[in-house]
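Here the structure comes first, spelled out in structure tokens, and everything after it is commentary.
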Amino acid sequence: MKPCLLSLILLLPTLAAGVADPGRLQQEFITEMTTRYGFDAQALSHLLEQAKVRQSILDAIARPAEKRLDWGQYRKIFLTRGRIRGGLRYWHDNAEALARTEERYGVPPEIIVAIIGVETRYGRHAGHYRVLDALTTLGFHYPPRAAFFRSELREFLLLAREENADPTALLGSYAGAMGKPQFIPSSFRSYAVDFDGDDRRNIWENDTDVIGSVGNYFARHGWQRGQPVTRRVQGVDASLQAVIKRRYKSYTTVGSLRDAGVHLTRHLPDELPATLLALHDGERTEYWLTLDNFHVITRYNHSPLYAMAVFQLADALRHLHDRKTQ
């Protein structure tokens with residue numbers, strides 16, 4: 001036993017050396033921000049000293065709902081009467097901005113409303129963490145994705161400088177997503193728009209900017225105006241499991257899947273790119289044919305559960321909205 005214990009003791013410094021030291025990472029980050037982006041080293045060091053490392057953030061990111069729940073459990077969170085009623089009110093209150101966004105970007109109102117409804121329940125739950133705390137915690141104390149979150153911290157500081165905003169005041173989710181549409185900082189800098197012409201991109205309080213920004217995000221990621229999102233199908237057997245496993249990319253066609261025995265409940269052109277998605281609800285499995293616009297939704301959140309929840313909430317909103325306006 002003693003030789004093994006001695007070997008372990010001798011190995012510990014080597015193991016520790018492989019784990020990045022948060023203090024060293026922070027100093028390297030400050031150096032990058034000063035040399036590449038012109039930040040003042042002393043001011044930036046003082047700002048980062050104000051950030052609080054929060055265990056609740058580390059706990060939350062370790063247990064995302066998309067990995068814990070099956071489709072039936074996940075659906076019950078978002079397909080509720082309250083969320084649908086709230087979506088209809090949001091649509092009514094912001095009808096002009098939604099119509100203008102559809103005209104400019106081609107994204108229908110129900111999809112934009114559903115995104116905001118799933119993300120923050122129309123702004124009611126936009127996050128209570130300081131973005132600075134979230135990105136500092138994850139960027140320096142969460143090794144699995146630390147490099148990504150340090151890049152988002154960089155984008156956040158650039159955002160705050162460009163928008164003349166106080167980086168200690170902006171709030172968001174445990175992962176640093178911000179405002180009613182929950183844009184991460186890099187998405188804000190790339191896709192947020194000033195849609196009401198007041199020279200500000202305010203995704204926290206200005207619904208016109210929120211709606212235009214979501215529309216721009218979808219358009220820039222390839223949303224196809226007037227095209228469907230997904231269709232429920234039957235006739236899927238074991239021979240199609242390889243297609244199901246490649247759910248994030250439409251690499252076959254509707255016609256090929258029809259030839260393989262997949263039965264569509266509604267007609268779609270044979271040439272449309274498509275793939276298959278299996279959703280598990282307890283002991284039941286649903287099969288869906290997913291199209292390019294479905295995969296655009298997954299660019300907002302990579303989970304197919306998320307994209308399906310957005311689609312089904314949008315579908316419910318469209319049906320009730322049309323019924324009320326007839």
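Coordinate-derived values only; no laboratory data. Fair warning: this is a prediction, and the values are worked out from it, not measured in the lab. Quick reminder, even Gly has a Cβ in these numbers, built from the backbone with ideal geometry, and neighbours come from all protein chains shown.
Determine the dipole magnitude for the stretch 202-262: charges of +1 sit on the beta-carbon of Lys and Arg, -1 on that of Asp and Glu, nothing else is charged, the reference point is the Cα centre, and the result goes in debye to the nearest 20. Display every interim value, and only then the final one.
Values: 9 positive and 5 negative charges, 83 e Å.
Dipole about the Cα centre, nearest 20: 400 debye.
If you line up the long axis of helix 146-162 against the longest principal axis of the chain, both from Cα atoms, how many degrees apart are they, to the nearest 10?
Roughly 90 degrees between the two axes.
Averaged across orientations, what area in nm² does the convex hull of the alpha carbons in the chain project? Working shown, then result.
Details: hull surface 89.2 nm².
Average of the hull's projected areas for the chain equals 22.3 nm².
Holding the Cα-Cα limit at 28 Å, pick out from 52/76; 245/324; 76/245; 76/180 the pairs that are longer than that. Mind dumping the intermediate values first?
On the way: 52/76 34 Å; 245/324 40 Å; 76/245 25 Å; 76/180 21 Å.
Result: 52/76; 245/324 exceed 28 Å.
Beyond 14 Å, what percent of the Cα pairs of the stretch 53-101 remain? Don't jump to the answer; show the numbers that get you there.
Details: 806 of 1176 pairs.
Tail fraction, whole percent: 69.
Where in the stretch 273-303 does the amide nitrogen come within less than 20 Å of the point 7 Å from the Cα of residue 242, taken along Cα to Cβ?
Answer for this model: 273-278, 288-290.
How large is the convex hull of the C-alpha atoms of the stretch 130-171 per residue, in Å³? Please report the intermediate quantities before stating the final value.
On the way: hull volume 2.0 nm³, N = 42.
Measuring per residue, one finds 47 Å³ for the Cα hull of the stretch 130-171.
For the stretch 202-284, report the convex hull volume of the alpha-carbon atoms normalised per residue, in Å³, without decimals. Please report the intermediate quantities before stating the final value.
Details: hull volume 12.3 nm³, N = 83.
Dividing the Cα hull volume of the stretch 202-284 by its residue count gives 149 Å³.
Send over the Kirkwood Rh of the stretch 161-244, from the inverse of the averaged 1/r over different Cα pairs, rounded to one decimal Å.
On the way: mean 1/r = 0.0650 Å⁻¹.
Kirkwood hydrodynamic radius for the stretch 161-244: 15.4 Å.
Can you give the extra length, in nm with one decimal, that the chain gains between residue 196 and residue 36 once fully stretched, where that is 0.36 nm per residue apart less the Cα-Cα distance? Spell out each step's value before the answer.
On the way: separation 160, 0.36 × 160 = 57.60 nm, distance 3.29 nm.
Separation in residues times 0.36 nm, less the Cα-Cα distance, equals 54.3 nm.
Could the peptides 32-44, 86-98, 254-266 be put in order, highest first, of the mean number of other beta-carbon atoms found within 10 Å of their residues?
Numbers: 32-44: 13.0, 86-98: 17.7, 254-266: 15.0.
The densest-packed peptide leads the list: 86-98, 254-266, 32-44.
In nanometres, what is the gap between the two model label sites at residue 145 and residue 286, each 7 Å from Cα along Cα-to-Cβ?
2.5 nm
Measuring from centroid to centroid over Cα atoms, what is the spacing of the stretch 60-105 and the stretch 256-304 in Å?
That distance is 20 Å.
Going by amide H atoms built from the backbone, whose H comes under 5 Å of the H on residue 274, apart from near neighbours?
Under 5 Å from the amide H of residue 274 lie the amide H atoms of 251, 252, 253, 254, each far enough along the sequence or on another chain.
Along the positive direction of the dipole of the chain (beta-carbon charges: Lys, Arg +1; Asp, Glu -1; about the Cα centre), which of 325, 107, 187 reaches farthest?
Value: 325.
Placing +1 at every Lys and Arg Cβ and -1 at every Asp and Glu Cβ, with all other atoms neutral, what dipole size does the chain have around its Cα centre, in debye to the nearest 20?
Numbers: 42 positive and 37 negative charges, 208 e Å.
Using only the charged Cβ atoms, the result is roughly 1000 debye.
Which length gain, in nm to one decimal place, applies between residue 20 and residue 205 when the Cα-Cα distance is subtracted from 0.36 nm times their residue separation? Before the final figure, lay out each step's value.
On the way: separation 185, 0.36 × 185 = 66.60 nm, distance 3.82 nm.
Result: 62.8 nm gained on full extension.
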